[in-house]
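The values are calculated or read from the model by the stated rules, or taken from the named source; none is laboratory data. Remember, it's a predicted structure, so these values are computed and weren't measured experimentally. Cβ sites come from the backbone with ideal geometry, for glycine too, and all protein chains shown count toward neighbours. What goes into the accessible areas is simple: the full protein's heavy atoms, side chains included, and nothing from ligands, DNA or RNA. Shrake-Rupley method; radii C 1.70, N 1.55, O 1.52, S 1.80 Å.
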Amino acid sequence: MINKIVKSASEAVSGIFDGATIMISGFGEAGSPIELIHALIDHGAKDLTVISNNTGNGHIGLAALIENKQVRKMICSFPRTANSVVFPELYRKGEIDLELVPQGTLAERIRAGGAGIPAFFTPTSVNTPLAEGKEMRLFDGKPYVMEFGIKADFALVKCRIADRYGNLLFNKTARNFGPVMCMAASHAIVQASQVVETGEIDPEIVVTPGIFVKKVVEIANPVSENQLIRENRRYPWA
Amino acid sequence: MGLNEVKGWNKEEMAGKIACDIPDGAYVNLGIGLPELVANYIPEGREVIFHTENGLLGVGPSPAKELEDDELINAGKKPVTAIKGACFFHHADSFAMVRGGHIDICVLGAFQISENGDLANWSTGEPGAIPAVGGAMDLVEGVKTIIVFTQHTTKNGEPKIVKECTYPLTGKGVVNHIYTDLAVIDVTENGLFVREMAPGVDFEYLKSCTAAELKLY
């Protein structure tokens, strides 16, 4: 019998090892799997490379993981936002590496990684500093830059509904990187607000087919990052 | 300054001008900040679909405070609503819309725009600054028409329209139209053509605020 449901966030992340590459879903706070990230902080794996659009907010979630010195390198498109304080400070001190990738290139590199495409050519970033040193090629007289697909050992993803096969439905703009990250990680770990019986999700509307997912944990009432930031909370909880 | 102070258009008037130039049926991406104003001024009777690159086609107006949803936001991470007929999609699909030439118009801000339509809007290249690019480079390469919505000069009065950008580029030769508080300017193969000037602005004054060659139609 196939059953990808695990009982707790800590069980879900227990296999993450030092030096792993981890994709973390979310755009700003929408879709950020805060409970899984906090379980990873408790778990303690370090020397991680994290691929995520941003670098977290305040002192919770991804920001707390970075603050806990578990992340060696960030691959992202927009490392600073209004509430991002942890990453900028470490970056200025030279204590964390950054690979800056245009947002669409990041999404496509992840998609390609998951789809078995080692590299592709894109017009994005041509003639900018982000294309320096990269292979270029002309197609129909127009220059394109070569970008590599990215894979990861793990993905931490938040969704709305899942079943035991790992079929997923997302919530509004919290979908963002979740589906492609599930594809690109050898071990996609998903927190779902609700786990339903197989057959309850209409096959016509499945967003992420279960084949891309390894583990699902139900987190019925996920925390609100915004609210935690308004309350100036920190993880580990004081 | 005194009596001779030139005021030009205010931000709402600039947004209104851009909105009037967006045709019925267009798919439009609005950048973070000033460009977001454009959505408020689409003339009655026109149907325009707003795209936000974090995964929504059919962005509606801002919700009332009590209806804000942390998981329904725009690229600026502000709460929005979804119109009837809206759809959500993942990031790779969203940027396929962008890069694949499916979005008609993108309105964005600028640090500098050059005579040949180069745009710099992501980094001032200052040491110690945290580089952040987001989707700007994808948008300028992929969207059919790129509109820049900006003040004509910086807060210190330095021209933003220049012969060549000194800041790192977002894209080369990508800008089609520039809407500033002083003028509307078209970027063409033959240079920068002034389509319209704000009330009280004459060509000589406009040239004095611009560090690139301007032409009149």
- line: The ³J(HN,Hα) series, computed from each phi in region A:192-199 with the Karplus coefficients 6.51, -1.76 and 1.60 at θ = phi - 60°, rounded to the nearest Hz and given as x for glycine or proline, is 10, 5, 8, 9, 10, 5, 4, x
task: Can you work out the PRE-style zone for A:Arg164? Point 7 Å along Cα to Cβ, and I want the residues of region A:200-238 with backbone N under 16 Å.
output: A:200-201, A:210-211, A:214-218
- prompt: At A:Val206 and A:Phe148, where each label point lies 7 Å from the Cα along Cα→Cβ, what is the point-to-point distance in nanometres?
  reply: 3.2 nm
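Taking a probe of 1.4 Å, how large is the accessible area per residue of region B:10-216, in Å²?
43 Å²
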- request: Specify the residue with the greatest mean-square fluctuation among A:Pro209, A:Pro143, A:Pro118, computed from a Gaussian network of chain A linking alpha-carbon atoms under 10 Å apart.
  value: A:Pro143
message: Limiting things to C-alpha atoms, what are the Rg and the maximum Cα-Cα separation (Dmax) for chain A, in angstroms?
response: 17.8, 59
query: What residues of region B:112-133 lose no less than 10 Å² of accessible area with every protein chain in place versus their chain by itself (probe 1.4 Å, heavy atoms only)?
result: B:Trp122, B:Gly128, B:Ile130, B:Pro131, B:Ala132, B:Val133
statement: Expected integer from the mean partner chain Cβ neighbour count at 10 Å over A:105-113 is 5
- prompt: Which value in nm describes the separation of the simple spin-label points at B:Lys207 and A:Glu231, placed 7 Å from the Cα toward the beta carbon?
  reply: 6.4 nm
- prompt: What are the residues whose amide H is under 5 Å from the amide H of A:Ala188, where those residues sit 5 or more places off or on another chain and H is modelled from the backbone?
  reply: A:Ala155, A:Lys214, A:Lys215
field: Under 5 Å, built H, 5+ apart or other chain: amide partners of A:Arg160
entry: A:Leu169, A:Phe170, A:Asn171, A:Ser193
- request: Along Cα→Cβ, 7 Å out, is where each label goes; now give me the distance between the ones at B:Asp24 and A:Asn3 in nm to one decimal.
  value: 5.9 nm
task: For every other residue with a beta carbon closer than 12 angstrom to the beta carbon of A:Val196, add +1 if it is Lys or Arg and -1 if Asp or Glu, then tell me the sum.
output: -3
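Tell me the total accessible area that A and B bury against each other, 1.4 angstrom probe, in square angstrom rounded to 100.
Between A and B, the summed buried area is about 3400 Å².
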task: Pick out which of B:Leu182, B:Leu72, B:Leu37 has the largest mean-square fluctuation in a Gaussian network model of chain B, springs linking Cα atoms closer than 10 Å.
output: B:Leu72
query: Taking amide hydrogens as modeled 1.01 Å from N in the peptide plane, which residues meet the under 5 Å criterion relative to A:Leu98, leaving out close sequence neighbours?
result: A:Met74
query: Short version: ³J(HN,Hα) in whole Hz for each residue of region B:17-30, in order, from phi by Karplus 6.51 cos²θ - 1.76 cosθ + 1.60 (θ = phi - 60°), x for Gly and Pro, what are they?
result: 5, 5, 4, 5, 8, 8, x, 4, x, 6, 9, 10, 10, 9
- prompt: Among the residues of region A:59-104, which ones have their accessible area go down by 30 Å² or more when all the protein chains sit together, as opposed to their chain alone (1.4 Å probe)?
  reply: A:Phe78, A:Arg80, A:Tyr91, A:Arg92, A:Leu100, A:Gln103, A:Gly104
task: Please compute the net charge surrounding A:Thr124, taking Lys and Arg as +1 and Asp and Glu as -1 over other residues with Cβ under 9 Å from its Cβ.
output: -3
Counted charge near B:Met97, where neighbours are those whose Cβ lies closer than 14 Å (Asp, Glu -1; Lys, Arg +1): -3
- request: Please work out, to two decimal places, the log10 of the ratio I(q)/I(0) at q = 0.10, 0.12, 0.17, 0.18 Å⁻¹ from a Debye calculation in which every Cα of region B:10-216 carries one identical scatterer.
  value: -0.43, -0.62, -1.19, -1.30
- prompt: Taking accessible area as the heavy-atom solvent-accessible surface of the protein chains with a 1.4 Å probe, which residues of region A:133-181 lose no less than 40 Å² upon going from the isolated chain to the full protein assembly?
  reply: A:Lys172, A:Thr173, A:Arg175, A:Asn176
query: Ignoring ligands, DNA and RNA, what percent of the accessible area of region A:108-238 is carbon or sulfur (1.4 Å)?
result: 49 percent
message: Filter A:Lys142/B:Lys144; A:Lys158/B:Lys78; A:Lys69/A:Lys158; B:Lys17/B:Lys215; B:Lys7/B:Lys65 down to the pairs with a C-alpha to C-alpha distance above 26 Å, please.
response: B:Lys7/B:Lys65
query: What figure in square angstrom, to the nearest 10, would you give for the accessible area of A:Lys172 with a 1.4 Å probe?
result: 60 Å²
- prompt: Mind listing the phi-derived Karplus ³J(HN,Hα) values for region A:17-31, rounded to whole Hz, using 6.51, -1.76 and 1.60 with θ = phi - 60°, and x for any glycine or proline?
  reply: 10, 4, x, 5, 9, 10, 8, 10, 5, x, 10, x, 8, 5, x
- prompt: Ignoring ligands, DNA and RNA, what percent of the 1.4 Å accessible area of region B:10-216 is carbon and sulfur?
  reply: 50 percent
task: Enter the accessible area per residue of region A:1-142 (Å², integer; probe 1.4 Å; all protein chains in place).
output: 39 Å²
- line: A 1.4 Å probe over the protein heavy atoms gives region A:3-102 a carbon and sulfur accessible-area percentage of 45 percent
